[in-house]
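**Student:** Dropping the structure in here first, questions after.
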Amino acid sequence: MASGDTEVRICNKALLLLGAESINSFTDGSTAGNACSLIYPDVKATTLGMYAWSFTIGKKELNRDVETPNSEWSYQFTMPNDMLTGVPRAVRASSSAGSPTITTWEIGTTLGGYTALLTNQTTIFIDYQRSVEEGNMPSYFTQLLTYQLAWHLAEVMTDQTAKSEYWRGVALGIQVEGYRGGFFRQAVNIDSAGQTPSVIQDYLLTDVR
C-alpha cells in the first residue's frame with residue numbers, strides 16, 4: 001500500500017529521529033532545508049537502486065530512433081526517461097505473455113550523445129527498474145528511506161559521527177552482514193512477500209531506544 005508521503009515529510013521524519021527542527025520546504029533557508037535539498041535526491045536514488053523493489057519494476061515498448069547506429073547494429077531504441085539503472089532487467093522482442101528474453105543487444109551511446117539500446121530487432125520491449133514518486137512508495141520503503149536519511153544527515157545536523165554510525169546500523173546493519181541487514185533486510189522480506197504488516201511502525205519505536 002502506498003504511503004502517500006512527500007519528500008519533505010520523509011525528511012522531517014529523519015530530522016525528528018535526530019532531534020532536529022523540521023523544515024517547511026527544501027528552500028526555506030534553514031540549515032536542515034539546505035542539507036535535505038542536497039542529500040535527499042542522492043539518498044533516494046541510492047536506496048531505490050539497492051534492490052529490485054517490486055513497486056519499481058515497469059514494462060515498456062521502446063521507441064525506435066530514426067538514426068542508424070554507427071556500429072554493427074541495425075537499430076537503436078530510446079531508453080525511458082524514468083529508468084533508474086542504466087541496464088534493463090529483461091529485453092524481449094514481443095509483449096506476449098511468456099515471451100522469451102533476447103540477448104542480441106547492447107547499451108551504447110548514440111551520435112547525439114545519449115544512451116540507447118542497440119540491436120538488430122525491429123521491435124523491443126523491456127522490463128526495467130524505474131524511479132517512483134514518494135506518494136507511490138509503500139510504507140516499508142519510506143521507513144527505510146527515513147533511516148537512510150537519518151544516517152546521512154546525522155553528522156551534518158548533530159556533528160556526531162557516532163549518531164551517523166548508529167543510524168547506518170539501523171538502516172543497513174553491520175559490516176559483517178555486508179551492510180545488507182538492519183531494516184533493509186526486513187523491507188526486502190516484506191517486499192518479496194507482497195505484504196505490509198503492522199510491525200513496521202513498531203520497528204521505529206524499538207530500535208531507536
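**Student:** Pick from segment 23-45 the residues that are of a type in the set (G, A, S) and either assigned by TED's automatic domain parsing to the domain that holds T85 or surrounded by fewer than 16 Cβ atoms within 10 Å (Cβ to Cβ) (or both): which of them is farthest from F141 (Cα to Cα)? Show your work before the answer.
**Tutor:** Keep residues of segment 23-45 that are of a type in the set (G, A, S), which gives 25, 29-30, 32-33, 35, 37, 45.
When the remaining residues are screened for being either assigned by TED's automatic domain parsing to the domain that holds T85 or surrounded by fewer than 16 Cβ atoms within 10 Å (Cβ to Cβ) (or both), the result is 25, 29, 45.
Working: S25: 22, G29: 28, A45: 12 Å.
This residue is G29.
**Student:** Looking only at segment 61-99, how many residues end up being under 16 Å from T109 (Cα atoms), of a type in the set (S, T, N, Q) and in contact (Cβ under 8 Å) with a residue 12 or more places away in the chain?
**Tutor:** Final tally of qualifying residues: 7.
**Student:** Is it the case that segment 144-154 has a residue that's among the aromatic types (F, W, Y), in contact (Cβ under 8 Å) with a residue 12 or more places away in the chain, over 22 Å from T68 (Cα atoms) and touching a strand residue (DSSP E or B) at 6+ places or on another chain (Cβ under 6 Å)? Spell out how you get there, then give the answer.
**Tutor:** Keep residues of segment 144-154 that are among the aromatic types (F, W, Y), which gives 147, 151.
This time we only want the ones that are in contact (Cβ under 8 Å) with a residue 12 or more places away in the chain, so: 147, 151.
Add one more test, that the residue is over 22 Å from T68 (Cα atoms), and what stays is 147, 151.
Restricting the remaining residues to those that are touching a strand residue (DSSP E or B) at 6+ places or on another chain (Cβ under 6 Å) gives none.
No, segment 144-154 has no match at all.
**Student:** Would you say Y140 is within 17 Å of F55 (Cβ to Cβ) and either in contact with a helix residue (DSSP H, G or I) (Cβ under 8 Å, 6 or more places away or on another chain) or assigned by TED's automatic domain parsing to the domain that holds L84 (or both)?
**Tutor:** Working: within 17 Å of F55 (Cβ to Cβ): yes; either in contact with a helix residue (DSSP H, G or I) (Cβ under 8 Å, 6 or more places away or on another chain) or assigned by TED's automatic domain parsing to the domain that holds L84 (or both): yes.
Taking the combined requirement at face value, the residue satisfies it.
**Student:** Scan A162, A154 and give me the residue that is among the small types (G, A, S), under 23 Å from S22 (Cα atoms) and buried (at least 22 other Cβ atoms within 10 Å of the Cβ). Please lay out each step first, then the result.
**Tutor:** Values: A162 fails: buried (at least 22 other Cβ atoms within 10 Å of the Cβ).
Only one candidate passes the filter, namely A154.
**Student:** Let me ask you something else. Going through segment 33-72 one residue at a time, which ones are under 23 Å from R185 (Cβ atoms), modelled with pLDDT of 95 or more and touching a Ser or Thr at 6+ places or on another chain (Cβ under 7 Å)?
**Tutor:** L48
**Student:** Residue under question is L48, and the condition is that it be touching a residue at least 40 places away in the same chain (Cβ under 8 Å), among the aliphatic types (A, V, I, L, M) and assigned by TED's automatic domain parsing to the domain that holds D191; does it hold?
**Tutor:** On the way: touching a residue at least 40 places away in the same chain (Cβ under 8 Å): yes; among the aliphatic types (A, V, I, L, M): yes; assigned by TED's automatic domain parsing to the domain that holds D191: yes.
Yes; evaluated as a whole, the condition is true for this residue.
**Student:** Whether any residue in segment 24-32 is in a helix (DSSP H, G or I), over 30 Å from D127 (Cα atoms) and of a type outside the set (A, V, I, L, M) is what I want to check. So that I can check it myself, show each step before the final result.
**Tutor:** Looking only at segment 24-32, we keep the residues that are in a helix (DSSP H, G or I), and these are 31-32.
Subset that is over 30 Å from D127 (Cα atoms): 31-32.
Narrowing the set further to residues that are of a type outside the set (A, V, I, L, M) leaves 31.
Yes - at least one qualifying residue is present in segment 24-32.
**Student:** Within the bounds of segment 116-127, is there any residue that is closer than 24 Å to G4 by Cβ and modelled with pLDDT of 95 or more?
**Tutor:** Our first condition is that a residue be closer than 24 Å to G4 by Cβ; within segment 116-127, this holds for none.
The answer is no, given that none of the residues of segment 116-127 is closer than 24 Å to G4 by Cβ and modelled with pLDDT of 95 or more.
**Student:** Looking only at segment 60-93, filter to residues that are surrounded by 14 or more Cβ atoms within 10 Å (Cβ to Cβ) and hydroxyl-bearing (S, T, Y); which one of those is nearest to L48 (Cα to Cα)?
**Tutor:** T85
**Student:** Failed condition for Q76, given (1) outside any loop (DSSP other than H, G, I, E, B); (2) within 30 Å of G135 (Cβ to Cβ); (3) over 22 Å from the mean Cα position of the chain (by Cα), with all others met?
**Tutor:** For Q76, the exception is condition (2).
**Student:** Are there any helices (runs of 4 or more DSSP H) wholly within segment 135-200 with 2 or more residues that are of a type in the set (D, E, K, R), and if so which? Steps first, please.
**Tutor:** Working: elements: 139-158, 161-172, 182-193.
Because the criterion is at least 2 residues that are of a type in the set (D, E, K, R), the helices (runs of 4 or more DSSP H) in segment 135-200 that meet it are 161-172, 182-193.
The values are calculated or read from the model by the stated rules, or taken from the named source; none is laboratory data. Since we're looking at a predicted model, the values are computed, not measured. Cβ: placed from backbone, ideal geometry, glycine included. Neighbour counts: every protein chain shown.
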